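K.L.:
Dropping the structure in here first, questions after.
No value in this document is a laboratory result; all are computed from the given coordinates. Quick caveat, the model's predicted, so the values are computed rather than measured. Reconstructed Cβ throughout: ideal geometry from the backbone, glycine too, with neighbour counts over all protein chains shown.
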Amino acid sequence: MTVADRLDLLVDRLPSGGTVAAPSPPVAAAAGARGFVPLEGPLRTLPDGGADTVALLDDELSAAGEHAEGLLAEAARVLRPGGLLLVSARNRVHAAAAGEELAGVRGFSADELERALGHRGLAVELLCAPGAAAALAGRPAAGPADLALDRSPGLLDAAPRLLAVARAWRAESDRSAAFFTSLPRKIVAAAVLCRDDEGRVLVVHDSFKGHWTIPGGVVDADEDPASGAVREAWEEAGVRVDAGPLLGLFAGTWPDRLVLVFGARPAGGGTPAPAPVHTHEIDGAAWVDLDEALRRVAGYVRLQITRCLERPGCVWSDTGGTRAT
């Protein structure tokens with residue numbers, strides 16, 4: 001597939017007769033032949049907001065290697081508000097299999113390319129792998145691409161090359177929205193290691209998981225972790241608590257999550273009788289001494305409790321690594 005073929009796949013999205021910044025001479029020539037006004041030369045030589053479209057259709061991002069993000073920053077600078085960026089990039093798996101990465105060619109997975117564009121505040125409108133559907137159907141890859149199928153999630157990493165169309169922000173809020181959408185998502189949970197005046201530990205029985213644990217759960221939107229831990233203690237054990245210091249932060253990879261365990265005491269002191277509020281999740285709660293708590297809870301919870309008590313204030317990963325805060 002030539003650079004002209006790639007442009008033809010996307011040409012209907014471009015404003016008629018608009019300016020096209022194209023660092024690659026073949027792409028600039030193809031744009032001019034199709035009625036656009038080519039702006040040739042390196043992007044760094046072009047003025048801010050001077051192009052309706054930037055066309056990086058000669059695998060410039062892959063050739064840029066570690067400097068690909070810098071090239072995207074230049075493209076975003078050159079685009080007018082609401083302008084379009086056209087990108088072609090080598091697929092990471094195919095580039096590695098062909099030995100291209102050894103020669104400095106950077107491959108991208110579909111997720112990596114979408115994140116790279118989003119990090120520059122560019123909103124992705126099209127991401128596809130031209131020829132992937134044809135290859136799956138046993139048709140020649142040189143035949144016409146079917147963008148409706150080639151953009152299917154299961155096919156995005158199944159062709160040698162990725163094509164993307166991304167739109168520059170019209171307002172700063174659009175830029176921020178595209179950036180934050182591109183960031184990784186982590187699950188954040190919070191729990192309490194709550195002990196009464198006699199050192200007993202508050203534990204609950206999770207009916208879904210089928211084991212004993214300490215009160216805790218996913219932090220709600222717009223909720224800080226300490227408040228989430230306090231809320232979970234009430235919902236799961238029916239005990240009002242005051243959250244104390246962060247005893248441990250546990251990072252997991254599947255699912256990608258952070259669990260913050262706070263020390264806690266019953267609000268007002270004493271040892272209030274536990275009575276789960278969310279009985280559809282928790283079917284038991286109790287105050288037990290530390291040895292009994294360690295005997296009852298699941299293995300991963302036992303590990304969290306012992307680490308929090310032996311080395312409070314550390315960050316732990318599920319691979320066993322740790323570092324002091």
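K.L.:
For the stretch 215-272 and the stretch 32-96, write down the distance between their C-alpha centroids in whole Å.
P.N.:
Result: 47 Å between the Cα centres.
K.L.:
Here's a follow-up. Full extension from L149 to V37: what is 0.36 nm times the residue separation minus their Cα-Cα distance, to one decimal in nm?
P.N.:
Roughly 37.2 nm would be gained on extension.
K.L.:
Let me ask another. Please report the relative contact order for the stretch 187-324, taking Cα pairs under 8 Å with a sequence separation of at least 6, and give it as a percent rounded to a whole number.
P.N.:
Relative contact order, the stretch 187-324: 31 percent.
K.L.:
Relative contact order of the stretch 71-156, please, whole-number percent, based on alpha carbon pairs below 8 angstrom and at least 6 residues apart.
P.N.:
About 20 percent, as a whole number.
K.L.:
Pop out the ³J(HN,Hα) list for the stretch 203-217 in order, Karplus 6.51 cos²θ - 1.76 cosθ + 1.60 with θ = phi - 60°, rounded to Hz; leave Gly and Pro as x.
P.N.:
With coefficients 6.51, -1.76 and 1.60, one gets 10, 9, 9, 7, 6, 6, 6, x, 8, 7, 7, 9, x, x, x Hz.
K.L.:
Further question: Which of the peptides 149-155, 73-79 is most tightly packed, and how do the rest follow, going by the mean number of other Cβ atoms within 10 Å of each residue?
P.N.:
So the peptides 149-155, 73-79, ranked by packing, come out 73-79, 149-155.
K.L.:
Looking only at the stretch 58-95, which residues have a backbone nitrogen under 18 Å from a spot 7 Å from the Cα of A177 in the C-beta direction?
P.N.:
Under cut-off, by backbone N: 81-85.
K.L.:
At R0 = 51 Å, how high is the FRET efficiency between A73 and D196 if r is their beta carbon distance? Nearest 0.05 is fine.
P.N.:
Efficiency at R0 = 51 Å is approximately 0.35.
K.L.:
With both bridge residues required to lie in the chain, what share of the DSSP beta bridges run antiparallel, to the nearest 5%?
P.N.:
Around 60 percent antiparallel, to the nearest 5.
K.L.:
Roughly what angle does helix 299-310 make with the longest principal axis of the chain, taking Cα atoms, 0 to 90 degrees, to the nearest 10?
P.N.:
Compared with the principal axis, the helix lies near 80 degrees.
K.L.:
Here's another thing I want to ask about it. Give me the net charge of G199's neighbourhood, meaning all other residues with Cβ under 13 Å from the Cβ of G199; Lys, Arg count +1, Asp, Glu -1.
P.N.:
-3
K.L.:
Does the stretch 187-324 come out rounded, prolate or oblate, given a ≥ b ≥ c as the square roots of the eigenvalues of its C-alpha gyration tensor, rounded meaning a/c under 1.5 and, failing that, prolate meaning a/b above b/c?
P.N.:
Rounded is the answer for the stretch 187-324, as its axis ratio a/c remains below 1.5.
K.L.:
Oh, and also: Working from Cα positions, state the angle (0 to 90°, nearest 10) between the long axis of helix 68-78 and the longest principal axis of the chain.
P.N.:
That works out to roughly 70 degrees.
K.L.:
Hey, what did the chain get for relative contact order, percent, Cα under 8 Å, at least 6 apart?
P.N.:
Computed value for the chain: 12 percent relative contact order.
K.L.:
Also, quick follow-up: Would you kindly state how much longer the chain becomes between R13 and E66 on full extension, computed as 0.36 nm times their sequence separation minus their alpha carbon distance, in nm to one decimal?
P.N.:
Using 0.36 nm per residue and subtracting the Cα-Cα distance, I get 16.2 nm.
K.L.:
With a/c under 1.5 counting as rounded, go ahead and sort the chain into rounded, prolate or oblate using the C-alpha gyration tensor (a ≥ b ≥ c being the square roots of the eigenvalues; past the cut-off, prolate if a/b is larger than b/c, else oblate).
P.N.:
Cα axes put the chain in the prolate bin.
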